[in-house]
1. For Cα pairs less than 8 Å apart in space and 6+ apart in sequence, what is the mean separation divided by the residue count of the chain, i.e. the relative contact order in percent?
2. Alpha carbon centre of the range 103-178 versus the range 181-258: separation in Å?
3. Give me the one-decimal Kirkwood hydrodynamic radius in Å for the range 6-144, with the sum taken over alpha-carbon pairs.
4. What are the principal axis extents of the Cα atoms in the range 129-221, in Å, biggest first?
5. If we count trypsin sites (Lys or Arg not before Pro) as exposed when they sit in a DSSP loop and have at most 15 other beta carbons within 10 Å, what is the longest stretch of the chain that avoids them all?
6. With point charges of +1 on the Cβ of Lys and Arg and -1 on the Cβ of Asp and Glu, referenced to the Cα centre of the chain, which listed residue (Ala213, Gly169, Gln101) lies farthest in the positive direction of the dipole?
7. Counting only helical runs of four or more DSSP H residues, what would the 222 nm mean residue ellipticity of the chain come to if each run contributes -39,500 (n - 2.57) and the total is spread over all its residues?
8. Counting only DSSP beta bridges with both residues in the range 152-248, tell me the antiparallel percent, nearest 5.
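Read-outs throughout are calculated quantities, based only on the coordinates presented, and are distinct from any laboratory measurement. Please read these numbers as outputs of a predicted model, since none were measured by experiment. A quick note on method: Cβ atoms are made from the backbone with ideal geometry, for glycine too, and the neighbour counts reach across all protein chains shown.
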Amino acid sequence: KEVNDKRLNTKLEFAKTVVRDAGAYLKAHLADDLEISEKTHFDDLVTNLDGEVQDAIIAKIQETFPDDHILAEENDVRHDINDGNVWVLDPIDGTTNFIVQKDNFAVMLAYYESGVGKLGIILDVMNDNLYWGDGQTSYRNSTELQLTAKPLAQSLIGVSAYMYRTNAGGLFDLSHKCLGVRAIGSAGIEYTNILDGKIWGYFSNLSPWDYAAGAVLIAPFGYTTLKLDGSPLDFQGRQMVMSIPENYRIVLSETKSI
Ligand code: 2AM
Ligand code: CA
Ligand code: CA
Ligand code: CA
């Protein structure tokens, strides 16, 4: 299977390979004694494997596409996504799940040109499901995905526990208008759940590497990713964002009667 834009096929095949290799590496090291460190707080953790996977993927990008730039979560690898050809990497998304559950974590890689998403890849490592796309079409492994959002009243929503417990943007009110609320703890897995029709939308406090791939993958199905106030993404730092069906564009912080 190839994306329509032939120019991007080399980069797509490269990205799928490095992400699959990273998933295999993580699986091979699942039983290791992890070196675990705190980043900003006792519940914001990173392991030696986050750094190892990130370093390995960055080395391959630099070797294969030396003129491209990189934005990645660990070790302050920060290139502005709006400036040139940029790979956006989250080596382990759901690090806490990786540590505690050995499940519900993802490797995510996206490729942007001047701020426009061209490729998105999310590997659900433990289920061996690779989601990939070019913003026009999205696939799970070799299956082209079809997705039509159901009405909110017949759907579940995905949230970050932090946003839910602080009622950010009136999420409590929204929770009364859907069948229920789920908080999995991995942005990547939440995006795969949107793609599989398991949740209607996702509301979370995220950094660019948390949503860069997901935003590309859900775009073909009329989904949009916006700041919680309904304004466009700016990919600057960590902020509250929502990924929702475009035709249900809601401004949570202003509209309490959704
Ligand atoms: P991470 O595991 O790559 O850090 C958990 O709700 C989701 O939010 C995960 O996708 C997690 O990604 C992300 N997240 C972003 N910033 C975080 C932080 N400071 N602490 C915990 N999770 C964070
Ligand atoms: Ca992290
Ligand atoms: Ca993440
Ligand atoms: Ca991460």
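1. That works out to 15 percent.
2. A separation of 7 Å, based on Cα centres.
3. Evaluated over the range 6-144, this radius sits at 15.4 Å.
4. Largest first, the range 129-221 extends 38, 29, 19 Å along its Cα principal axes.
5. 103-176
6. Farthest towards the positive pole: Gly169.
7. -8500 deg cm²/dmol
8. Just about 70 percent of them are antiparallel.
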